[in-house]
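Visitor: Structure below; questions to follow.
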Amino acid sequence: MVAEEIPPAGAAVRGAPRSDSGSPRPTPTGRGRPAATALRALAAAGSGAAQLLALPPYGLWWLAPLSAALLAAALLGVRLRRAAWLGALAGAALMVPLIQWQEVFGADVWLAIAAVETLYYVPMAMAMACAGRLRGWPVWVAALWVAQEFVRARFPLGGFPWGKLAFSQPDTPYTGYAALGSSALVTFAVALSGTLLLWAAVRAAAAVRDGRPAPWRRAGTAAAAVLGVAAIAAGGAAAPHLSAPAAERTVTVALVQGSVPNPGEVDIRGERMQVLTNHVEGVHELARQVRAGEVARPDVVVLPENASDLDPYADPQAARMIQDAAEDIGVPLMFGLSHYLGDGSQREVRSVVWDPEDGPGAYYTKRYLVPFGEYVPFRDVFAGLVTRLEQVGSDAVPGTEPGALRVGGTTMAVAICFDVAFDLPLREAVLAGGQVIAVPTNNANYNFTGQTEQQLAISQLRAVEHGRPLVVAATSGISAVVAADGSVRYRSPEAEPAVHVAEVPAMTGLTPATRLGAAPEWALTLLGLGAVLVAAVTARRRAD
């Protein structure tokens, strides 16, 4: 733990507030020594770096609790002004490299988004510095991680939850908490593990310095904290079994990844016909494999978002190509396409059930859209300032209905691409009867940048959250089949065509997380904010 501004445990500090162990609790002072300040800065930057490395594509998930511990170590005992810049340092160390894939739209876009995301760490750090003065601070500080992610996932422009602490845990001992309380409970469990480890380290260090009998008491408390972390991890492993949905029957699902010309470039829509051709040819290849007996005939075929950016409702050639593919395979397709509205200035991003006999039928419209990618907010203002935004020729409009699509005898719970980063779409789709999760996505602009691995990790967590198998169909990768326990059963290569058939269970029943909805997130957020309020009131009374 960094020592600046924190009196030694057990030191005779007249009038210092006492901690729950009876030793002085950290009290802010006016100045710290330069070396100690540098150590705090190093801990804050290390927190951001540890969280970055815990997330895909690095996947060193065990660094996530260390990230929480390092930030708490940097903040305990500091004044709010110092906490603010330490929080900004931690946020920047995470966000700037994490979303570098946004550079495909320009370095200015990437850095602007990273700067906005970094700002959320400033009030979080200030709140942690306040809550760190209370008894039981490991719990309050962990809850404040949830509060930060709560706000970041909602504001501005609908939010940007990328890089949640929970998203570093796609298939780990902590993953199971998603089945109890969604991503919020996973974040809390990870952060609490880190703050408890820090608390144990502080107590152990105090035990070494103190005389008898305090060392034994503090050493015992430190050992209990370490055992608590082990219990948290064990609880995560057991959580999915507490109220697991049941398998009703088996469904055979196929996915088609047609690939795109020049993956990684911004404007793949310039090759719209080629993208559509690639994907219908993928369906024809699947049909050939079925006829040859190489794979089982699927019950449904899932195709990616933007598998057709040509509107088959208005383009007879596009409609004919999709219909031919559906007739060849002889089962319904879930086809990702764009439907242009009115004069073409607006469009819907849809996943449409395309029946081999009846053609296009039920559909789901994407609910969470990427600002400045799929639509331009305040277009009159921003398009004049950034001419590149003129490339976004039409503004997508969000859907409002849950993505529960009945295909044959199975209800598919659908979330399109960016939707999967948010809790609401899949929760409502499963509540509406979804038995198997489908995530059509288009990450062609981001191949080989780490973004596709990050989105797959989020999808893995969603599978556990709702106790459902999950199928990802991407234009150019990564397509995948994920089991209900979060494990990846199939993963396609990037930037190559792929066809895959898998048998998955159609699930019935709901996990606690699906039933509870946002309640755990609200409860943990209010817990953290309540602790800050108590700390502020306590500090005011002491000042008086």
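Visitor: So if I take the centroid of the Cα atoms in the range 317-363 and the same for the range 67-143, what is the distance between those two points in Å?
Guide: Between the Cα centre of the range 317-363 and that of the range 67-143, the gap is 44 Å.
Visitor: Provide the net charge surrounding Thr508, with neighbours chosen by a C-beta distance below 15 Å and charges set as Lys +1, Arg +1, Asp -1, Glu -1.
Guide: Around Thr508, the charge tally is +3.
Visitor: Output the 0 to 90 degree angle, nearest 10, between the alpha-carbon long axis of helix 316-329 and the longest principal axis computed from the alpha carbons of the chain.
Guide: 90 degrees
Visitor: Amide H neighbours of Asp299 under 5 Å, at least 5 residues apart or on other chains, H built in the peptide plane: list them.
Guide: Thr252, Val253, Ala254
Visitor: Quick check: Cα centre of the range 381-436 to Cα centre of the range 460-539, how many Å?
Guide: 16 Å
Visitor: Over all alpha-carbon pairs of the range 346-469, lay out the pair-distance distribution in 10 Å bins, whole %, shortest bin first.
Guide: Answer for the range 346-469: a P(r) of 13, 37, 33, 14, 3, 0 percent.
Visitor: Apply 1/(1 + (r/R0)^6) to the Cβ-Cβ distance of Arg33 and Ala432, taking R0 = 45 Å, and write down the FRET efficiency to the nearest 0.05. All intermediate terms of the calculation are to be shown ahead of the outcome.
Guide: Details: r = 59 Å, r/R0 = 1.31.
For Arg33 and Ala432, the calculated efficiency is 0.15.
Visitor: For the range 61-164, what is the charge dipole size about the Cα centre, in debye to the nearest 20, if Lys and Arg each add +1 at the Cβ and Asp and Glu each add -1 at the Cβ? If you can, show how the numbers build up before the last one.
Guide: Numbers: 8 positive and 4 negative charges, 114 e Å.
Here the range 61-164 has a charge dipole of around 540 debye.
Visitor: Please compute the net charge surrounding Gln455, taking Lys and Arg as +1 and Asp and Glu as -1 over other residues with Cβ under 11 Å from its Cβ. Working shown, then result.
Guide: Working: positive: Arg462; negative: Asp419, Glu453.
Local net charge: -1.
Visitor: Could you report the chain's accessible area per residue, 1.4 Å probe, as an integer in Å²?
Guide: Working: 21150 Å² over 544 residues.
The answer is 39 Å² per residue.
Visitor: Using alpha carbons only, how many degrees (0 to 90, rounded to 10) separate the axis of helix 272-291 from the longest principal axis of the chain?
Guide: 80 degrees
Visitor: How much of the accessible area of the chain, probe 1.4 Å, is carbon plus sulfur, in whole percent?
Guide: 60 percent
Visitor: Let me ask something additional. If you average the sequence gap of Cα pairs under 8 Å that are 6 or more apart and divide by the length of the range 68-217, what percent do you get for the contact order? Working shown, then result.
Guide: Numbers: 174 pairs, mean separation 36.5, N = 150.
Answer for the range 68-217 is 24 percent.
Visitor: Under the rule of at least 5 residues apart or a separate chain, name every residue whose amide H is placed under 5 Å from the amide H of Ala438.
Guide: Ala413, Val414, Ala415, Val471
Visitor: Near the amide H of Glu248, under 5 Å away, which other amide H atoms are found, from residues 5 or more places off or on another chain, if H is placed in the peptide plane?
Guide: Those qualifying (amide H under 5 Å, at least 5 residues apart or on another chain) are Ala506, Met507, Thr508.
Visitor: Quick one: if you stick a label point 7 Å off each Cα along the C-beta vector at Tyr313 and Gln274, how many nm between them?
Guide: Computed distance between label sites Tyr313 and Gln274 equals 2.8 nm.
Visitor: Here is a follow-up. Cβ under 15 Å from Gly176's Cβ, Gly176 left aside: what net charge do those residues give with Lys, Arg +1 and Asp, Glu -1?
Guide: So the surrounding residues net to -1.
Visitor: Additional query: Rounded if a/c is under 1.5, else prolate if a/b beats b/c, else oblate: with a ≥ b ≥ c from the C-alpha gyration tensor eigenvalues square-rooted, which is the range 435-532?
Guide: Note, shape of the range 435-532 comes out oblate.
Visitor: Further, regarding this structure: For the range 428-443, just list the computed ³J(HN,Hα) in residue order, Karplus coefficients 6.51, -1.76 and 1.60, θ = phi - 60°, integers in Hz, with x standing in for Gly and Pro.
Guide: For the range 428-443, the Karplus-derived couplings read 5, 5, 5, 4, 7, x, x, 10, 10, 8, 10, 10, x, 8, 10, 10 Hz, x marking Gly and Pro.
Visitor: Separate question: Once phi is turned into θ = phi - 60°, what whole-Hz ³J(HN,Hα) does the Karplus curve with 6.51, -1.76 and 1.60 give for every residue of the range 189-197, x standing for Gly and Pro?
Guide: Karplus values, whole Hz, x for Gly and Pro: 5, 5, 5, 5, 4, x, 5, 5, 5.
Visitor: Still on this structure, please answer the following. Pairing the Cα long axis of helix 519-543 with the longest principal axis of the chain, what angle in degrees results, from 0 to 90 and rounded to the nearest 10?
Guide: Between the helix axis and the principal axis of the chain, the angle is about 30 degrees.
Visitor: Among Val290, Phe150, Ala247, which residue has its Cα positioned farthest towards the positive end of the charge dipole of the chain, with +1 placed on the Cβ of Lys and Arg, -1 on the Cβ of Asp and Glu, and the dipole taken about the Cα centre?
Guide: Phe150
Visitor: Which peptide among 525-534, 466-475, 86-95 comes first, and what is the full order, when sorted by highest mean count of other Cβ atoms within 10 Å?
Guide: Taking the mean over residues of other Cβ atoms within 10 Å, the ranking is 466-475, 86-95, 525-534.
Visitor: Next question. Provide the FRET efficiency to the nearest 0.05 for the Ala230-Glu285 pair, computing r from the beta carbons and using R0 = 60 Å.
Guide: The value I calculate is 0.75.
Visitor: Give me D for the chain in µm² s⁻¹, whole number, from Stokes-Einstein with Rh from the Kirkwood sum over alpha-carbon pairs, 25 °C and 0.890 mPa s.
Guide: 100 µm²/s
The values are calculated or read from the model by the stated rules, or taken from the named source; none is laboratory data. From a predicted model like this one, the values you see are computed outputs, not experimental measurements. We place every Cβ from the backbone using ideal geometry, glycine too, and count neighbours over all the protein chains shown. Surface accessibility is based on the protein's heavy atoms, side chains included, excluding ligands, DNA and RNA. Shrake-Rupley method; radii C 1.70, N 1.55, O 1.52, S 1.80 Å.
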